[in-house]
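Encoded as structure tokens, the structure appears first; notes follow it.
What follows is calculated from the coordinates using simple rules that are stated; it is not laboratory data. Worth saying up front: this structure is predicted, and the values here are computed from it rather than measured. Because the Cβ atoms are built from the backbone with ideal geometry, glycine has one as well, and the counts that use them run over all protein chains shown.
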Amino acid sequence: MSVWDDLQGQAPVVTALRRAAEDAAPTHAWLFTGPPGSGRSNAARAFAAALQCEQPAAADRGCGHCHACHTVLAGTHADVTRVATDKVTISIAEVRSLISRAQDKPSTGRWRIVIIEDADRMVERTTNVLLKAIEEPPPRTIWMLCAPSPADVIVTIRSRCRPVGLRIPPVDDVAALLARRDGVEPETARVVARMAQSHIGVARRLARDPEARARRDEIVTLPLRLSDVSGAVRAAGTLVDLAQADAEASTADRNAAERADLLAALGLTEEDKVPPSVRSQLKHLADEQKRRATRSQRDALDRAMTDLSTFYRDVLVLQLGAHTDLVNGHLDATLRQFALASSPETTLRRIDAIAEARERLAANVAPLLALEAMTVSLLS
């Protein structure tokens, strides 16, 4: 099993990265782009593992068995630094710390590698701090940036990186990965892969968490409960609550584990009174988790909008008689009945209403207000 095995449906990218890993002097800066769920961060980590692989033959790099491959993929390799933020933005202080670390010579591997998985979460002034480090890197340093699209990174950075574009993998490839890697029953794997629109991370969560699937179904079937304005307003509140519940479910275990680990490191338990001398450390953790919760809630709302739009997407497919699979195939009969009650023009207007709500949420409009306007628009 090699480091490339989890890059489903990305054969051209794997071929290009394999060749680059064999090069004695690979490009010093890379930009991995692709839609959410395409696996751009996985591709960067696999490439980093191949570059550090201990196999003597260049053609065998990325074996997946050696110590270097294992530690890179596990995030514990001494010469590979990975940044993946759950906050709204990556701060200048974090980037300066990365730049400082990038100046060090590799201690055990061939290269000093820095992976920024959320390069799109750097504001322009932060990216400008990074620019000089990418323009003039130390001889054995390689930068890898990940973003949804090239346009999410300022042009001065983009022009200095070698681009790697990934696509959304086919549903069958995602289902095969879930079955092989996570032991998901094949039919369930295919259903959740289609529900997630080939987003590997989302598909995996849906496969593992029946409650997440139930929340998604409640979001997707919201149009069936819209009959009047008061009902639309109530539905907007329900949608906000569901997205918040989804966000809390995805972070609760991690938050509890982080607090338990910190208390253990301080020699405390949950029952102990916290001494004044260490309260600042617990407050710092709480502040970090609060910032992460803000991002998680935004992401959950956007994901809810995406899931909701799949209902109307499927309705439009049926109305136009298109020969393509339904995202929500398990709701086939319901979708067909709904499609008969409206026209394609009406369905397109409703899809536009959801897109407008997403834009308002991205512009920091109060979520409940944005969703109330959307659900009222879905009545027409």
Checklist line | GNM flexibility winner over the chain from D172, D332, D217 (Cα, springs under 10 Å) | finding: D332
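Semi-axes of the equivalent ellipsoid of region 322-367: what are they in whole Å, largest first, if each equals the square root of 5 times a C-alpha gyration tensor eigenvalue? Show your work: numbers first, answer last.
Values: eigenvalues 142, 35, 20 Å².
Working from the Cα gyration tensor, I get semi-axes of 27, 13, 10 Å.
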Next item on the list: Could you tell me how many degrees, from 0 to 90 and to the nearest 10, lie between the Cα long axis of helix 40-52 and the main elongation axis, the longest principal axis, of the Cα atoms of the chain?
Entry: 20 degrees
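Let me spell out the model: positive unit charges on the Cβ of Lys and Arg, negative unit charges on the Cβ of Asp and Glu, origin at the Cα centre of the chain. What dipole size does that give, in debye rounded to 20?
Working: 49 positive and 49 negative charges, 185 e Å.
Using only the charged Cβ atoms, the result is roughly 880 debye.
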Notebook entry, point to check: Roughly what angle does helix 124-135 make with the longest principal axis of the chain, taking Cα atoms, 0 to 90 degrees, to the nearest 10?
Noted result: 40 degrees
Item checked: Amide H partners (placed H, <5 Å) of H77, local residues excluded -> V72
Note to self: Here are labelled values, (i) 65, 57, 42; (ii) 62, 50, 43; (iii) 136, 53, 46, and one is the computed Cα extents along the principal axes in Å for what I pasted. Which one?
What the structure shows: (i)
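Looking at the chain, how many pairs of lysines come closer than 26 Å at the Cα, when each pair is eight or more places apart or spans two chains?
On the way: K87/K132; K87/K283; K87/K290; K105/K132; K273/K283; K273/K290.
Total qualifying Lys-Lys pairs in the chain comes to 6.
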Check: Between A25 and V155, 0.36 nm times their residue separation minus their Cα-Cα distance comes to what?
Finding: 44.4 nm
Check: Any idea what angle helix 210-220 forms with the longest principal axis of the chain, computed on alpha-carbon atoms, 0 to 90 degrees, nearest 10?
Finding: 50 degrees
Next item on the list: Would you give the gap between the C-alpha center of region 113-154 and the C-alpha center of region 196-219, rounded to a whole Å?
Entry: 31 Å
Check: Between S107 and A256, what is the spin-label point distance in nm, taking each point 7 Å from the Cα along the Cα→C-beta axis?
Finding: 3.4 nm
Checklist line | Estimated FRET transfer efficiency when R0 is 41 angstrom, pair V233-A74 (beta carbons, to 0.05) | finding: 0.30
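Report D for region 93-204 in µm² per second (integer): Stokes-Einstein, Kirkwood Rh on Cα pairs, 37 °C, 0.692 mPa s. Could the numbers behind the result be given before it?
On the way: Rh = 16.4 Å.
Taking Rh from Cα pairs, D becomes 200 µm²/s.
How much length is gained on full extension from R225 to A366, taking 0.36 nm per residue of separation minus their Cα-Cα distance?
Numbers: separation 141, 0.36 × 141 = 50.76 nm, distance 2.29 nm.
Between R225 and A366, full extension yields an extra 48.5 nm.
Peptides 156-163, 106-113: what's the order by average Cβ count within 10 Å, highest mean first? Write down the numbers at each step before the final one.
On the way: 156-163: 15.6, 106-113: 17.6.
Top to bottom by mean Cβ count within 10 Å: 106-113, 156-163.
Where in region 258-327 are there trypsin sites (Lys or Arg not before Pro) that are in a DSSP coil and have at most 16 other Cβ atoms within 10 angstrom of their Cβ?
Numbers: sites: R259, K273, R279, K283, K290, R291, R292, R295, R298, R303, R313; in loops: K273.
Passing sites in region 258-327 are K273.
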